[in-house]
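To start, the structure under review is shown below, and the notes come after it.
The values are calculated or read from the model by the stated rules, or taken from the named source; none is laboratory data. What you see is a predicted model, and the numbers here were worked out from it, not measured in a lab. Note that each Cβ is placed from the backbone with ideal geometry, even for glycine, and that neighbours are counted across all protein chains shown. The area values use the complete protein model at the heavy-atom level, side chains included, leaving out ligands, DNA and RNA. Shrake-Rupley method; radii C 1.70, N 1.55, O 1.52, S 1.80 Å.
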Amino acid sequence: MRVLGIAGSPRQGGNTDILLNEVLRGAASRGAEVKTIILSRLKIAPCEHCDACLETGKCKVMDDMQMVYDEMERADRIVLASPLHFMGVTAQTKAMIDRFQALWARKYRLKLPPLGKKRDRKGLFISVGARKTSHLFEPALATVKSLFAVLDIIYAGELLFEGVDEKGAIARNPMALNQAFIAGQRLVEE
Ligand SMILES: Cc1cc2nc3c(=O)[nH]c(=O)nc-3n(C[C@H](O)[C@H](O)[C@H](O)COP(=O)(O)O)c2cc1C
């Protein structure tokens with residue numbers, strides 16, 4: 001069982017990174033092989049909407065996204081972590097998501113499985129936001145659910161924490177950390 005963690009925050013060691021680490025620790029404690037990619041360390045250009053992928057199912061832009069496609073194909077579980085930035089996912093995360101348009105093309109135009117060989121992939125979403133308001137995570141959830149649906153990744157749930165702003169503040173919330181650890185265990189047991 002391979003678990004791919006995707007760290008979408010530009011603030012390394014911040015709240016979503018801490019939660020992601022706990023989820024991956026939980027998954028590893030159940031024997032999963034875990035790997036994290038840190039989007040802010042990668043060069044991923046935004047989608048150019050050149051439509052080249054409609055013919056090939058591949059993105060012609062040769063940057064670090066090519067490695068992300070490979071890692072996604074190899075993963076059985078995907079844990080996507082992004083804080084809220086202006087209600088949505090971070091720019092780093094959205095750039096990656098838009099580049100999955102190539103796999104949308106593979107699926108809907110070329111009638112191929114988006115991530116190569118079909119298997120039961122599952123995905124978990126982690127987010128935090130500084131505000132405390134109803135429906136806080138809905139725009140980000142809509143984006144992430146749409147991504148997982150296009151990639152045939154079963155939506156396995158989410159870990160969402162509001163009112164979290166200061167760097168590392170989530171580390172002072174043992175219940176949140178425990179919830180994340182258990183979510184990681186469950187993700188690979190299911
Ligand atoms: C550019 C930017 C936009 C933000 N927009 C929101 C927002 O719309 N809603 C919210 O609740 N918090 C917002 N925040 C606060 C972050 O979500 C919050 O600080 C979070 O804890 C950061 O997580 P991280 O440490 O994983 O980066 C924003 C922060 C930044 C830097």
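Couple of notes before you dig in:
- Failed condition for Leu39, given (1) more than 20 Å from Leu151 (Cα to Cα); (2) of a type in the set (A, V, I, L, M); (3) within 12 Å of the ligand (Cβ to nearest atom): (1)
- All of (1) open to solvent by 50 Å² or more (accessible area, probe 1.4 Å); (2) in contact (Cβ under 8 Å) with a residue 60 or more places away in the chain; (3) not aromatic (Phe, Trp, Tyr) hold for Lys118 with one exception: (2).
- Residue list for the range 161-190, filter: surrounded by fewer than 18 Cβ atoms within 10 Å (Cβ to Cβ), hydrophobic (A, V, I, L, M, F, W, C) and closer than 30 Å to Glu73 by Cβ: Ile182
- Verdict on Val89 being within 25 Å of Phe137 (Cβ to Cβ), at pLDDT 95 or above and touching a strand residue (DSSP E or B) at 6+ places or on another chain (Cβ under 7 Å): no
- Test result for Ile44, within 16 Å of the ligand (Cβ to nearest atom) and either within 23 Å of Leu103 (Cβ to Cβ) or buried (at least 21 other Cβ atoms within 10 Å of the Cβ) (or both): no
- Scanning the range 70-95 for residues that are closer than 16 Å to Pro46 by Cβ, out of contact with any helix residue (DSSP H, G or I) (no Cβ under 6 Å at 6 or more places or on another chain) and assigned to a helix (DSSP H, G or I) yields Ala91, Thr93, Lys94, Ala95.
- Of all residues in the range 9-24 being more than 9 Å from the ligand (Cβ to nearest atom) and more than 11 Å from Ala81 (Cα to Cα), the one that is least open to solvent (accessible area, probe 1.4 Å): Leu24
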